[in-house]
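Enquirer: Supplied in structure tokens, the structure appears directly below.
The values are calculated or read from the model by the stated rules, or taken from the named source; none is laboratory data. Just so you know, these numbers come straight off a predicted model, no measurement behind them. When we count neighbours, we look across all protein chains shown, and the Cβ atoms used for this are built from the backbone with ideal geometry, even at glycine. Note: areas computed on protein heavy atoms with side chains; ligands, DNA, RNA excluded. Shrake-Rupley method; radii C 1.70, N 1.55, O 1.52, S 1.80 Å.
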Amino acid sequence: NGRGIGHIELRRETYIQVLMLMTSSGYFAFVLLHGLLDIVDGILLVAFFAGYMVLLKRLPEEDAEKKEDLLAMPRYLASIPRPRERFYKLAGLFAIGGLTMWAMAEPFLDSMKIIAAGVGVTTFLFVQGIAPFLSEFPETVTAFYWARSVRLAPMALLNLISSKVSQWTLLVPMIPLVYGVSLGRWEGISLTAHQEQEVFLSLMM
């Protein structure tokens, strides 16, 4: 509206999300001290996420969100009157997204390696810097879209925090799981000094 605001009033979900973000990220202080990420850590982090979802489910529904506040595709899905139809379409979208990621992951990585070589940057640093930006760009755009309105600004914050919670509690546990499946046996991932530095920096951000 062209005028500054003194503050953004947070929703009740925000407190739970911040608490879960502190709990899940704080758990990685133990991982750093242990120097190992294994399947037990993954199970505990998934349990954190399950508890987090139960807490959110028990909160009373908020009235601030309306269908017209959503982007085109979510608004369409939310407008489907039949639950079964909505479920199948949601499942189809998840399947299409998963197949697309599976088909494009290797070409995407190869293209980043080629670009890194072309600009004279090490592959590790280039992939580490660009890949997270590209993967988180859609949720950032959504957050900025909601942040345009004072009424919806809390949704923007919720969107970013919930993304971080999902990364720490669902995405990270997939690493020892995939590693164990690829290796053919359950074995923890020993963190190198460089990896420990990266985890520490991630916790500080």
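Enquirer: Residues of the range 11-25 being in contact with a helix residue (DSSP H, G or I) (Cβ under 8 Å, 6 or more places away or on another chain) and open to solvent by 30 Å² or more (accessible area, probe 1.4 Å), which ones?
Expert: Matches in the range 11-25: GLU13, ILE16, VAL18, LEU21, THR23.
Enquirer: Only one residue in THR142, THR169 is touching a residue at least 24 places away in the same chain (Cβ under 8 Å), closer than 25 Å to ILE39 by Cα and either open to solvent by less than 80 Å² (accessible area, probe 1.4 Å) or touching a His at 6+ places or on another chain (Cβ under 7 Å) (or both). Which one?
Expert: THR169 is the lone residue from the list that is touching a residue at least 24 places away in the same chain (Cβ under 8 Å), closer than 25 Å to ILE39 by Cα and either open to solvent by less than 80 Å² (accessible area, probe 1.4 Å) or touching a His at 6+ places or on another chain (Cβ under 7 Å) (or both).
Enquirer: Looking at the range 176-191, I want the residues that are on the phi < 0 side of the Ramachandran plot and of a type in the set (Val, Ile, Thr) and have a partner that is open to solvent by 80 Å² or more (accessible area, probe 1.4 Å) and not in a strand (DSSP E or B) with Cβ atoms under 6 Å, at least 6 apart or on another chain. Which pairs are those?
Expert: Pairs found: ILE189/TYR179.
Enquirer: Going by the structure shown, is MET101 over 30 Å from LEU19 (Cα atoms) and in contact with a Phe, Trp or Tyr (Cβ under 8 Å, 6 or more places away or on another chain)?
Expert: No; evaluated as a whole, the condition is false for this residue.
Enquirer: Moving on. Of the residues PHE133, PHE137, PHE87, which single one is open to solvent by 50 Å² or more (accessible area, probe 1.4 Å), in a helix (DSSP H, G or I), without any contact (Cβ under 8 Å) to a residue 24 or more places away in the chain and within 28 Å of ILE39 (Cα to Cα)? Show your work before the answer.
Expert: On the way: PHE137 fails: within 28 Å of ILE39 (Cα to Cα); PHE87 fails: within 28 Å of ILE39 (Cα to Cα).
It is PHE133.
Enquirer: Is it the case, given these coordinates, that LEU93 is of a type in the set (A, V, I, L, M, F, W, C), under 25 Å from GLN195 (Cβ atoms), at pLDDT 80 or above and surrounded by 12 or more Cβ atoms within 10 Å (Cβ to Cβ)?
Expert: no
Enquirer: Right, here's the next one. Of the residues that make up the range 188-201, is at least one open to solvent by 70 Å² or more (accessible area, probe 1.4 Å) and under 30 Å from ARG11 (Cα atoms)?
Expert: yes
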